[in-house]
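Trainee: Take this structure, written in structure tokens, and hold onto it; I'll ask about it next.
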Amino acid sequence: MHGIRLISAAMSRLDKLMNAAKRLIAGTLGLEDPICIMPYRGYGTPDNLHLRGRVLQDQGIKLREENASVWRNLRNMYRRFESDEVAEARVRAYFGAAQQDVLTNAEGFFQVTFALSDQPVESDRFWQPITLELLEPLPRHSAPIKVDSEVMVVSERARFGVISDIDDTIMRTAATDLLKMIRIAYLGNENTRRPFSGVAEFYHALQQGQNDDHRNPIFYVSSSAWNMYDLFEKFMDFNHIPRGPILLRDIELSPANLLSFKHESHKIEQITPILNCFSHLPFILIGDSGQKDPEIYQQLVKHHPDRIFAIYIRDVTPNDSQRQGELEAIANQVKETGCEFVVFPETQVAMEHAITHHWISCN
């Protein structure tokens, strides 16, 4: 095991040296791809804002290509995963008069946190703007690199929060059918992917609560790679699904990683900070039966008692008798805690349940 770790560390160092050499040669010859900042929508409270992002070399991926060929989609996906991250880049974040400089890590990721206890944010605005500027490195003959991003600020008017899976919960992915999943997830784009019927209406109703003034926050947590972020963001915009922070994971392009379905630790690591940040809010959790969402959510109910109103699980395994038995056992255990557990074949079933419990309006 120690030998494997040494080999892995050596390969990692070699990869970094090769990337650095490649950038140096490309820069010398004037052939380097332009650098871009990829911002990820953040979240926070009136006195604390959190935002992540990544500095990459722009791969020239074109979105919204409705009639794109499988080859073009495959090429875009390859570019998405083979992106050249920029380590130790210096990024400056601006929020009003406040600013903060951060450095990217070895994978090009950075994280910004604004503590605004002296001047808390006015919570009348659900989304607050943040500007990001690349300070170093600056490619030659390049204009200043700035991008606008936004942070969802949860106000005291919120009555609950929503945490939702994406694949096979919001969009049809066929995660239980490996070949079909690869075709949909890796050979398509945001136009070729399809949401389940009623998803946009249900999520808008959850965001609004019983009236339009609640502005309940929605968070999307998936085990897909951060490299897929732009596709997910455009998919949701294209299908009128409410905006919310999209939390993904860092994963390299390899058969072992693409076919890995060990989601439990990642999702709990992403969801727990949300529950801690908004300790005054109860939550509704939405997932599907295809992977481990029921088991993950059951753990969250156990570790955060009285914080979860309901667990909604889309049934994508109706013909799997073993899985159905597992869902029934989990449902019985969860319901003993006072939390609702609903397995639904169609979105309308979940909507009707939420209406019955006065979490959303029937209008």
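Trainee: May I ask you to list the residues in region 271-304 that are closer than 13 Å to GLU326 by Cβ, open to solvent by 10 Å² or more (accessible area, probe 1.4 Å) and out of contact with any Ser or Thr (no Cβ under 6 Å at 6 or more places or on another chain)?
Mentor: GLN291, LYS292, GLU295, GLN298
Trainee: Out of all the residues in region 88-119, which are part of a loop (DSSP other than H, G, I, E, B) and open to solvent by 70 Å² or more (accessible area, probe 1.4 Å)?
Mentor: Result: GLU88, GLY96, ALA97, ASN105, SER117, ASP118, GLN119.
Trainee: Suppose we filter GLU352, GLU336, GLU326 for residues that are open to solvent by 20 Å² or more (accessible area, probe 1.4 Å), touching a residue at least 24 places away in the same chain (Cβ under 8 Å) and among the acidic types (Asp, Glu); which single one remains?
Mentor: Testing whether each residue is open to solvent by 20 Å² or more (accessible area, probe 1.4 Å), touching a residue at least 24 places away in the same chain (Cβ under 8 Å) and among the acidic types (Asp, Glu) leaves just GLU326.
Trainee: Since HIS141 meets every condition but one in (1) surrounded by 15 or more Cβ atoms within 10 Å (Cβ to Cβ); (2) more than 21 Å from GLY209 (Cβ to Cβ); (3) modelled with pLDDT under 90, which condition does it not meet?
Mentor: Looking at each condition in turn, HIS141 falls short on (1).
The values are calculated or read from the model by the stated rules, or taken from the named source; none is laboratory data. What you are looking at is a predicted structure, and each value in this text was computed from that prediction instead of being measured. Every residue, glycine as well, gets a Cβ built from its backbone with ideal geometry; the counts of neighbours run over all protein chains shown. These accessible areas exclude ligands, DNA and RNA; they are computed on the full protein's heavy atoms, side chains included. Shrake-Rupley method; radii C 1.70, N 1.55, O 1.52, S 1.80 Å.
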